[in-house]
Amino acid sequence: MRGVAVLAVVLLAGVDNLETKACSSQDSAPSSSQVFSTDDGVRFRVEVVAKGLEIPWSLVFMPDGRLLVPERHGRVRVIDTARGTAEIALTIDDVSTDGEAGLLGLALDPAFTSNRLVYLYYTARSPGGGAANRVVRYRESGGRLGEPVVLLDDIPANTIHDGGRLRFGPDGLLYITTGDAANETLAQDVASYAGKILRLNADGTTPRGNPFGSPVYSYGHRNPQGLDWHPATGDLWASEHGATGNDEINVVESGANYGWPLIQGNQTLPGMRAPITFYNPAVAPSGASFYRGQRFPQFANNLFVATLRGTLLLRLRIDPSARRLIGQERLLEGQFGRLRDVVTGPDGYLYFCTNNRDGRGDPTSDDDRIARLVPAS
């Protein structure tokens, strides 16, 4: 479908604070008629399907095609791009938004169609001061989220390095990325939830197969923000922010140590895993997803990574038999600014969102935006 109407979230009744944000840049997004090409000849256009959001952090499609979008300052929106509507499903009152903290990850229960359960990761203000990250389960009803149940609390938080991605794996378990909360020694401490990838049962209990008898699945991470499983092999791939460069793409296994802060980039030590690839200078990789649609056959099983500092969409082509890259490409470099998440939509298009209003970008009057790649004839 071409020419989809742009959903201007800023104009909706009941949406507060969005129109009052200053936008300093005079730049605008590329026209929807502009055609981009990949190295292997894939031609695509970019359609903006929603604009005027405030730091959207995750893009999660519900079975009926509507989008659930958490905004870092504490709102969850339900966006219907087909009807051109957006509603607020939840506003979290105790969210801390200092620095990089806030409402971050969102995931749907694998049985969402029957149980309507939604999982959020956010930074909560502590009653005595300070903050902690937590995983909270909600139930969706009539486009609203209610019945909160805290599944995991007291994950170390800070104004930087809060991780925040939630995703259910093919094993039906919930995976959570956490940053080192600006205390790098915690990443090597398997008793701490910081600097880890965690794994939970859907009810918040610890799976029997976890390697340390706790929610900890892997450790030695600095600030991972992207997770997805290779559609053919089931391998878990993750993107991770490095220190002044050395951003990483890893294949993650149960109980493995990914080295931070003892090694990074191409450094090695016995018993620690080196990344599949790393980036100097930094691109600040965030959300990551394998392409599973039918609109772009050449993209099948490619890993796409949204980048913040890089202001581009990474496309990684993978040899699954060897867990190695056979090619990579930088798409849309500098065209949309800071990119936070990327997912395949149920329509087979590739969707991404910007984070130009997070205090580190140069927002246009339309930011923040949700856009999608569509084939160009």
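The values are calculated or read from the model by the stated rules, or taken from the named source; none is laboratory data. Note that this is a predicted model, so its numbers are computed, not measured. Cβ atoms come from the backbone with ideal geometry, glycine included; neighbour counts cover every protein chain shown. Protein only, heavy atoms only, side chains kept; ligands, DNA and RNA dropped before computing areas. Shrake-Rupley method; radii C 1.70, N 1.55, O 1.52, S 1.80 Å.
What does the extension gain come out to for Ser214 and Thr268, with contour length at 0.36 nm per residue minus their alpha carbon separation?
Taking Ser214 through Thr268 to full extension adds about 16.8 nm, to one decimal.
Which one of Leu103, Leu117, Leu53 has the biggest mean-square fluctuation once the chain is modelled by GNM with Cα springs under 10 Å?
Looking only at Leu103, Leu117, Leu53, the largest GNM fluctuation is found for Leu117.
Please report, in debye to the nearest 20, how large the charge dipole of the stretch 144-289 is about its Cα centre when each Lys and Arg carries +1 at its beta carbon and each Asp and Glu carries -1 there.
So the magnitude is around 140 debye.
Rolling a 1.4 Å sphere over the protein heavy atoms, what is the accessible area per residue of the stretch 141-225, to the nearest Å²?
Per-residue accessible area for the stretch 141-225 comes out at 37 Å².
Taking the Cα-to-Cβ direction at Asn201 and at Arg360 and moving 7 Å from each Cα, how far apart do the two end points lie in nm?
The answer from the label model is 3.7 nm.
Only Cα pairs under 8 Å and at least 6 apart count here; give the relative contact order of the stretch 272-324 as a rounded whole percent. Each step should come with its number before you reach the end.
Working: 71 pairs, mean separation 16.3, N = 53.
Across the stretch 272-324, relative contact order equals 31 percent.
Would you look at the GNM of the chain, springs on alpha carbons closer than 10 Å, and say which of Arg167, Arg83, Arg45 moves the most?
Result: Arg83 has the largest fluctuation of those listed.
I'm spelling it out carefully: the read-out is Cα extents along the principal axes in Å, the candidates are (i) 115, 53, 43; (ii) 53, 49, 42; (iii) 70, 51, 42, and one was derived from this structure. Which label?
Matching entry in (i) 115, 53, 43; (ii) 53, 49, 42; (iii) 70, 51, 42: (ii).
Could I have the simple spin-label model distance between Thr244 and Glu329, label points 7 Å from Cα toward Cβ, reported in nm to one decimal?
Inter-label distance under the simple model: 3.5 nm.
Can you compute 3J(HN,Hα) from phi for each residue in the stretch 244-256, using the Karplus curve 6.51 cos²θ - 1.76 cosθ + 1.60 with θ = phi - 60°, rounded to whole Hz and x for Gly and Pro?
6, x, 6, 4, 10, 10, 10, 9, 9, 10, 4, x, 7
How much of the accessible area of the chain, probe 1.4 Å, is carbon plus sulfur, in whole percent? Walk me through the intermediate numbers first.
Numbers: 6630 of 14570 Å².
So the carbon and sulfur contribution to the accessible surface is 45 percent.
Which one of Gln335, Gln264, Gln188 has the biggest mean-square fluctuation once the chain is modelled by GNM with Cα springs under 10 Å?
Evaluated over the chain, the most mobile residue of the options is Gln335.
Tally Lys/Arg at +1 and Asp/Glu at -1 over every other residue whose Cβ is under 11 Å from the Cβ of Ala107; what's the total?
+2
Using label points projected 7 Å from each Cα along Cα→Cβ, tell me how many nm separate Thr277 and Ala376, to one decimal.
My value for the distance between the label points is 2.3 nm.
Estimate the FRET efficiency between Thr38 and Ser126 by the formula 1/(1 + (r/R0)^6), using the beta-carbon distance for r and 35 Å for R0, to the nearest 0.05.
In this case the efficiency is close to 0.15.
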